[in-house]
1. Looking at K795, K812 in this structure, which one is over 29 Å from C935 (Cβ atoms) and out of contact with any strand residue (DSSP E or B) (no Cβ under 8 Å at 6 or more places or on another chain)?
2. Give me the residue from region 1033-1049 that is modelled with pLDDT of 90 or more and open to solvent by less than 30 Å² (accessible area, probe 1.4 Å) and, out of that set, nearest to T1010 (Cα to Cα).
3. As an exercise: evaluate N727 against (1) modelled with pLDDT under 95; (2) touching a Phe, Trp or Tyr at 6+ places or on another chain (Cβ under 8 Å) and give the number of the one condition it does not meet.
4. Taking region 1036-1058, which residues are among the hydrophobic types (A, V, I, L, M, F, W, C) and closer than 23 Å to A493 by Cβ?
5. I'm trying to understand the selection: among the residues of region 415-460, which are farther than 30 Å from A1046 by Cα, part of a loop (DSSP other than H, G, I, E, B) and modelled with pLDDT of 90 or more?
6. Would region 970-986 turn up any residue that is touching a helix residue (DSSP H, G or I) at 6+ places or on another chain (Cβ under 8 Å) and open to solvent by 40 Å² or more (accessible area, probe 1.4 Å)?
7. In region 647-700, which strands (runs of 3 or more DSSP E) lie fully inside it and hold 3 or more residues that are open to solvent by less than 10 Å² (accessible area, probe 1.4 Å)?
8. Does any residue in region 728-747 that is in contact (Cβ under 8 Å) with a residue 60 or more places away in the chain come within less than 7 Å, Cβ to Cβ, of a residue that is in a loop (DSSP other than H, G, I, E, B) and surrounded by fewer than 17 Cβ atoms within 10 Å (Cβ to Cβ) six or more places away or on a different chain, and which pairs are these?
Amino acid sequence: MDSPRRAKNLNREPKRTQNRPSNPPQKDAYARLLGQHRSSKFSLYLEQYAKDTEFQREGNWPSPSPKAQSDRQNIPQKQRDQVPHDFSDSSDFSPSSMKRKGEESSLSLYMEKISTRTAQQDFERMPGVSDRQRCGQRRDTATSQDGDVESGEELGSLKPNESRKHQKQQRKTKDSNKDVPSKETDSFVARPQSPNTAGTSGQEQEKMKKSKKKKAHSRQPEEDRSGEASFQSGMDTLTSRPKSPPGIERKPQQPRSSSANSPADKGKNRGARGSKRPVFESYMTFEEVSRGLKRGELLQGKLRINPKKYHDSFIPSPDDRRDVFLDGIVARNRALNGDIVVVQILPREQWKVVKSDTDCEGTSESDTQKENMGPTVQKRTTERTPRPAGVEDDQCSDQDELIRKLQNTALTDTGEHLEDPSTPRPNGEILQKTAKVVYIVEKKHSRAVTGFLKFLPDKPFAMFSPVDHRVPRINVLLADCPEDFSSRPGDYANTLFICRITNWAADSNFAEGQLAKTLGQAGEIEPETEGILIEYEVDFSEFSDAVLNCLPKNLPWTIPAEELSKRRDLRKECIFTIDPSTARDLDDALSCKRLPDGNFEVGVHIADVSYFVGEDNALDAVASRRATSVYMVQKVIPMLPRLLCEELCSLNPLTDRLTFSVIWTITPQGKILSEWFGRSVICSCVKLSYDHAQSMIEAPEKMFAAEELPPVDPMHPIDEIHQAVLNLHSIAKNLRAQRFTGGALRLEQLKLSFTLDKETMMPQGCYVYQYRDSNKLVEEFMLLANIATAHHIHKRFPQIALLRRHPPPKAKMIDELQEHCDQLGINIDLSSAGALNKSLNTSLGDDKYTSARKEVLTHMCSRPMQMALYFCTGVLKDEQLFKHYALNVPLYTHFTSPIRRYADIVVHRLLASSLNCGPSLGLSTEEVEKQASHCNDRKTVSKRVQELSSELFFGVFVKECGPLESEAMVMGVLDQSFDVLVLRYRVQKRVYCKSVVGLDSFHHRKVGKTSELTLVWTAEDREKAPVEQVISVFTLVEVQLKADGAPMKYSTVLRRPEESKSDSEMR
């Protein structure tokens, strides 16, 4: 309290108000408190308190009891003692301590609270305390497990219709503190955090405090999800409630009873005289949403939240231009990542001003496949969701019907009524539309998250902090926590829990939830893996008896003679599988036989899963719901019971198996002369791995011995199998050349694989998986089969065919990327998929870093790309929309992996029906489209879970074997950080300039679309000048991967460049 800063604040003249009491002693105390706290809401509370005290002295009313004081704020006596906690995590207030104070005034309690805050401010001035901690900004998920906000500043809700001037000021404040590309072309200069800041003058500290306070108010309320940010005093009515959309009346929300004991009631913001100020707007009714979509006044889309800047979120623009931006948590209105929402575009003066399309963070769908993809909840068709306010019982309460209606409305509306800000402003700036959520069509997010419990003294609930910062903090009743959590909370500090959100009221920053499961200690592979699976709604439970009853009972199972008679018998043909060495679900096999005329009979034989999975039984239901197998580093979560996956359907060697075959007569050059589809039976003669096939390709003249290969059917000598592999390789090369000559594109991104200890399943090593000729061989014939099947089923079932399309990239982002590459000196043609593919393989030099440059450029080119999607042909009327951009083919589907993909089973049924070798189908367009949409969701989930599993194991590997040294290549440059590709391990990490040890300062400069950082390193020899290092795309740097304190997390440490190296050598 005696610091120079405090002395200065005590002499400051407080603001005057109309209700300012005239009693001089009260004025002095009032001035001291305002100098210490500087909060407008708190000052108003003190004014009221001083006024009440003055009336007491004049005898106007009796001295108020503590109960009366709490009643004036509509806080029950039981809760009143808990209120101060909401200002700081370090609160030590307790009911017992307050009872000892007896009739002591609330003023003295606030003074005690202020002294607590002084200790916090002293902490902020300590050496080594980062700007992030000073400013209260959430820490990145890579370095923090719960992202506690260090600031106790209160965050007020902002009106949606603020003035443009205030909006600009907010953006300026946020942009100066966020790690985003600078929107100015002039330089940005900063210094990393160092011990020198401990000696900052009182004036500079005051400026830092003001900046901190501005930043806190510029963010939306829920961004600070810690308990201290939730309290709002009785004077919160000064902050306006968000306005309702024009022409829509809102029913006032009824305040709940002040004696309610739910966590939300205990921690919510409280308004004056019993009313609660709503944090979020009420949702529109279904009728309002339907009318708004039809008129083009509203938009519908999937919400994507940026994981690194969780206050930024987006929905796709219907006109395929810039994505629509949602600024802050309030604008999201309780929607979570992946939810299908309806939004209302805000007035033009509130649109976001950006320098270019590349500054519209989060506009890339390909990025969000990896980072912004959220858990997806499984729903049965009979499930219901809570109706929004105002929807009557007879008004479309069925969720599936509601979704269908809104999707149909959205498909027919193109958003043409909305103004398009496509023309840049005179100064080159671009306007990006902003919006707010007014309705949640479908809660795709599972509402289940992993995280940690935090004990709150004197509260009837605990605070659950999700690991994923895009999810709000959750109040969990102590009764739902472990029995000894209240008495021994420290025992659970490192325990990982699963929590499910059960409610999120409009007047609360925090959700309510229940603990679903205790996973175990954070940092251990199995608890972390289980947390990933539960959070992303991956069903890893054992299959039920009802499902298992659908499987054949008589084991070992043999093919019935009646079934054999219906199929083409290929058991004597030389047919074999080529798969990863660890694969157990073998769903495709190949054959190649030279014909007398010099052509070849080539066959692709796929496991006939649809024979075992009948329609509309329990097995079909669970397969439909799971939709895909999920492959993790140490295990597979199968779509089907293992009896099918690994035995009855798997094309295991030397065993008769049912298949669906496509057989072509094809020339050596790859020209198809004829084609046959049908059900068949095969007997694979050998199970080859990719390594075996690669050895055969690389040694065409070699005579392989039996011990060099797995067991082989004696009917087919090894030389026959070897020759078949060579013939397939030759044809595949021609097919591949034709595809890429015809305009196909492959954006190849390398994959990290692990070697595991067989007993502990811990990572012993890791390596970059090599994609070789044997992989390409199999890929070419699988693509050929999928394309042929797509044409066949679309011709026979034009309204219900399940196909797969890949929309072209977003044109504006392609233009921006072209300009960016031009400025980098990269000769790249983005005019088509084929042109891009050619550029990626010819324009990056020929040295040991060529592959790294290609991967960096591939990452840049993937940002404008959109996701490939399953769809029903009857839904899209324009067949031009059926095209697959990357493959450059008009029709494509998935046929070749029915053991692990449910979409392939549907395609098999369509194919069987078209060939009159299967039951007729009663599928409708709506049913196929619904299944297609579900398969899209689950495929995206599966991909993300696979990536998270890989990240988990690499984190363990770094912890066990690190620190790891490697060269790295810069992939992208922001104003205070840059992303690198770690070349040895092919992982992508971000380097924060303020965290770099030995850095004196750094300067950011942006010219056009290209950003550049200049790092100034402190000279190791004081007599020498500081060393400058220029960071731009493709710059080579040395990094060290080092385990963090947080479980499973690691950071990238930038190494000091050798002073003997010139800048050109580092680039």
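1. Exactly one of K795, K812 is over 29 Å from C935 (Cβ atoms) and out of contact with any strand residue (DSSP E or B) (no Cβ under 8 Å at 6 or more places or on another chain), namely K812.
2. V1033
3. Every condition holds for N727 apart from (1).
4. Once the filter is applied, which keeps residues that are among the hydrophobic types (A, V, I, L, M, F, W, C) and closer than 23 Å to A493 by Cβ, region 1036-1058 yields A1043, A1046, M1048.
5. Matches in region 415-460: K433, K443.
6. Yes: region 970-986 contains one or more residues that are touching a helix residue (DSSP H, G or I) at 6+ places or on another chain (Cβ under 8 Å) and open to solvent by 40 Å² or more (accessible area, probe 1.4 Å).
7. The qualifying strands (runs of 3 or more DSSP E) are 656-666, 672-683.
8. That search, which allows pairs on different chains as well, returns S730/P668; I731/P668; N734/Q669; G743/S832.
The values are calculated or read from the model by the stated rules, or taken from the named source; none is laboratory data. These numbers come from a predicted model, not from an experiment. Cβ coordinates were reconstructed from backbone atoms using ideal geometry, including for glycine residues, and neighbour counts include every protein chain displayed. Calculation scope for accessible area: heavy atoms of the full protein, side chains included, ligands and nucleic acids excluded. Shrake-Rupley method; radii C 1.70, N 1.55, O 1.52, S 1.80 Å.
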